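Trainee: Sending over a structure as structure tokens; questions will come in a sec.
Derivation of every value follows stated rules applied to the coordinates shown; laboratory data play no part. In this text the structure is predicted, and so the values were computed from the model without any measurement. Neighbour counts are summed over all protein chains in view; Cβ atoms, including those assigned to glycine, are modelled from backbone coordinates with ideal geometry.
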Amino acid sequence: MPYVILGLLLTGPLSLYDLRKRFGAGISLFYSASFGALQRALRQLVEQGDVTVADAAGAGRPKKLYTVTPAGRERWRAWMREPIAPGADAETTLLAKVYLLGRLDDPGDRRFVLDRVRERAASAMDDLTGLATQVDAAAAAVPDDSRLAFEYQRATLDYGLRAHALMLAWTEELRGQAS
């Protein structure tokens, strides 16, 4: 979450409430964050020197505005360029990086990130294809009383294969558009 927050702050200073709205307006489709989690992440970013906080001038209820520092901007850029680790959070990380891709100034950086996204999708697709081969080879040995359960379990694997095929096609399309 800290890197998503840094990416959102690249457009300019935001209050905690503004950040919450930004999450609700798009990122929440694939990344959820409670108000408390946002507060904790902001506190950590301030402590690390990636974000500064200042009182906003003006009438009304006082609010604090958070601004990304040059160190925070560089830490965010480094995260964007990192490989996407396999695991349960890989798809969320992948989508967050694509969501924030337009905040990278350098077209070369954007293409590099898309290449990393494609690498993660291709690796996951290879893993799923290997698993499908093993599962399909063992299908003949599934007892008749377990056949129905097996078919639905295999259907979930098929979903994963289709989703990753779509992800690969999508990243290729984005790569072609990257400028």
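Trainee: Please compute, over every Cα-Cα pair in the stretch 1-81, the percentage with a separation greater than 19 angstrom. All intermediate terms of the calculation are to be shown ahead of the outcome.
Mentor: Values: 1075 of 3240 pairs.
So the portion of pairs separated by more than 19 Å is 33 percent.
Trainee: Highest mean first, what order results for 95-103, 32-40, 137-145, 163-171 on Cβ atoms within 10 Å? Can you show the working numbers first?
Mentor: On the way: 95-103: 17.7, 32-40: 12.9, 137-145: 8.8, 163-171: 15.9.
Sorting 95-103, 32-40, 137-145, 163-171 by mean packing, highest first, produces 95-103, 163-171, 32-40, 137-145.
Trainee: Please report, in debye to the nearest 20, how large the charge dipole of the stretch 84-179 is about its Cα centre when each Lys and Arg carries +1 at its beta carbon and each Asp and Glu carries -1 there. Numbers along the way, then the final one.
Mentor: Values: 11 positive and 16 negative charges, 65 e Å.
Using only the charged Cβ atoms, the result is roughly 320 debye.
Trainee: Which of the peptides 1-9, 120-128 is most tightly packed, and how do the rest follow, going by the mean number of other Cβ atoms within 10 Å of each residue? Can you show the working numbers first?
Mentor: Numbers: 1-9: 22.9, 120-128: 17.2.
Output ranking for 1-9, 120-128: 1-9, 120-128.
Trainee: Which value, in debye to the nearest 20, describes the size of the charge dipole of the chain about its Cα centre when Lys and Arg Cβ atoms bear +1, Asp and Glu Cβ atoms bear -1, and nothing else is charged?
Mentor: Working: 23 positive and 22 negative charges, 215 e Å.
Roughly 1040 debye, rounded to the nearest 20.
Trainee: Treat the count of other C-beta atoms within 10 Å as a stand-in for reagent exposure and order Arg110, Arg147, Arg61, Arg116 from fewest to most.
Mentor: Details: Arg110 21, Arg147 10, Arg61 6, Arg116 18.
Going from sparsest to densest Cβ surroundings: Arg61, Arg147, Arg116, Arg110.
Trainee: In whole Å, largest first, what are the principal axis extents of the Cα atoms in the chain?
Mentor: 72, 37, 25
Trainee: Using +1 at the Cβ of each Lys and Arg and -1 at the Cβ of each Asp and Glu in the chain, identify which of Pro107, Leu19, Trp76 lies farthest towards the dipole's positive end.
Mentor: With unit charges placed on the Cβ atoms, the residue in question is Leu19.
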